[in-house]
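The values are calculated or read from the model by the stated rules, or taken from the named source; none is laboratory data. Since we're looking at a predicted model, the values are computed, not measured. Here the Cβ is made from the backbone with ideal geometry for all residues, glycine too, and neighbour counts use every protein chain on show. Just so you know, the surface numbers come from the protein's heavy atoms only, side chains and all, with ligands and any DNA or RNA stripped out. Shrake-Rupley method; radii C 1.70, N 1.55, O 1.52, S 1.80 Å.
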2 protein chains.
Amino acid sequence: MKIEILTRTENQEIQNEIISKIRDLMNYKNLEPGDKLPSERMLSEKFSVSRSNVREAIQKLEFYGLLVSKPQSGTFVADIGQVAMNGMIEDILRLKEPDFKSLVETRILLELKAVRLAAQRRTEQDLIQMKKALEAYSEKAKNGEDAVQEDLLFHLAIAKASGNSTMNTFMLIITPEIITKFEEHHVCDKGLAFMGIQEHQDIYDAIEVQDPQLAKEKMKVHFKTLYQYCYNI
Amino acid sequence: MKIEILTRTENQEIQNEIISKIRDLMNYKNLEPGDKLPSERMLSEKFSVSRSNVREAIQKLEFYGLLVSKPQSGTFVADIGQVAMNGMIEDILRLKEPDFKSLVETRILLELKAVRLAAQRRTEQDLIQMKKALEAYSEKAKNGEDAVQEDLLFHLAIAKASGNSTMNTFMLIITPEIITKFEEHHVCDKGLAFMGIQEHQDIYDAIEVQDPQLAKEKMKVHFKTLYQYCYNI
DNA sequence: CAGACCAATCTGGTTAACCAGTTATAATTA
DNA sequence: TAATTATAACTGGTTAACCAGATTGGTCTG
């Protein structure tokens, strides 16, 4: 059989096509929660695609919690009904690549909440880690060096201290994309780093004394100086 | 070679082991952004694991934006520095499975923001979709039927109308897990659905007249009745 | 006739072989 | 000798073959 090398977007497209065919099949066969999907081999034949393509599509639907694969047994429809299934697949198919604006918007939202939770829940262990990240940042920023990475680690330490694993995961997902975009647009070159030292210290202090409201305010200040140059991105 | 069937968690563990070995390798070889990782075959031999395991680990790091694979060329270190790389990998390795409490906490946070954005940015198209979901919900709830799915679709329609693709994605990720947990604990059996009709209508109306503050308040009311039975989960 | 048992089949997961660009190296030429 | 071309090795992606547990249908036994 002929092998073709596909670009990322081409691969995405045929994967979406398979997902939509799986949806049609589930509707046609009137599959309900717990029912078994046809085997991967059968699907690959029916759709005239490779089995690995089918596997990828199934794994994506598994990631969103719509299917469950059991080894040596089969792939099963998850415990959400047909209406929700159709709606969610529709949304997944229409999902766009996240733009920078939406990333920043979501980051601010998550961090303002995370810092409040961190102020309430931080353990001594959390404080130690945050202080460590804070000092690494200060050290670099004082010497005028680029400290984007150390900045990032301080913020991730806060997310961890929030005690909310879901928010922690989401922060991990969006952070590298933001960093990349930042460096593309040279956001952090303009001597912002030095101002950041005091702002970080303020945030840390508020978390240490467990003052959620103050911590949130200080984080807001930090973001204001960070993103005031970003309007034209 | 002997083939072993692994459980999900066992697989997760050896994957984390590989990730930590990759991190050690990057540190030892002092790899910088843009540098090429050893080939998948070489890594699988060096770590004494299968190539597919290595591929999975790499794909996970790719998901978090730490590596970039280029077909017929190699896998490269992403454009974030060594310090950030180490910190992020550390976080990824320590990442826990999200608990129900953190899921709900994050859902409320995301939806309260999404509904405000939706009130500001909703298009006519968005209104149509939300109204459709709303009517489907009312229809079922009036008859006393279970309407968890229709409820979910209404909330996802709001997330879409927020115009923030990142938040939309995150909502899609957490929603099915919440639904499953809900049905496990029979949260929605107690005649909540009927009250929900008016609450949904209020939210819709606020979005239609583009009043962000009101929309947020109405969403808060909705969540209050929803989650008042959840404290003991 | 009902229930236990067994073999053939089917399943997702795993491994190995293969493909076609990419890249590094060596041979060639101006 | 330096630039250029040709060739061989290497790479991630793809396909096909294989594995062992799960399932199923029929058979045998009580």
Tell me, what % of the accessible area of the range A:8-94 is carbon and sulfur with a 1.4 angstrom probe?
-> 46
Could you give the angle, 0 to 90 degrees to the nearest 10, between helix A:124-142's Cα long axis and the longest principal axis of the Cα atoms of chain A?
-> 70
Compactness of the range B:8-94 - radius of gyration and Dmax, Cα, Å = 11.9, 33
What total accessible area, in Å², is buried where chains A and B meet, using a 1.4 Å probe and rounding to the nearest 100?
-> 4500
Size of the dipole of the protein assembly as shown about the Cα centre, Lys and Arg at +1 and Asp and Glu at -1 on the beta carbon, nothing else charged, in debye to 20?
-> 400
With every protein chain kept in place and a 1.4 Å probe, the protein assembly as shown has an accessible area per residue in Å² of 52
Cleavage-rule hits (trypsin sites (Lys or Arg not before Pro)) in the range B:30-125: DSSP loop, at most 12 neighbouring Cβ within 10 angstrom | B:K96
Between the helical axis of B:192-208 and the dominant principal axis of chain B, each derived from Cα atoms, what acute angle in degrees is found, rounded to the nearest 10?
-> 80
Accessible-area composition of the range B:100-227, carbon plus sulfur, in percent [1.4 Å probe] | 53
At a Cα cut-off below 16 Å, give the lysines reachable from A:K60, other chains included and same-chain residues fewer than 8 away excluded.
-> A:K21, A:K70, A:K96, B:K60
Relative contact order as a percentage, chain A, C-alpha pairs under 8 Å and 6+ apart, gives 19
Mean-square fluctuation maximum in Gaussian network of chain A, Cα pairs under 10 Å, restricted to A:P98, A:P38, A:P176, hits A:P38
Minimum 50 Å² accessible area buried by the other protein chains, the range A:163-179 residues, probe 1.4 Å, relative to alone | A:S165, A:T166, A:F170, A:L172, A:I173, A:P176
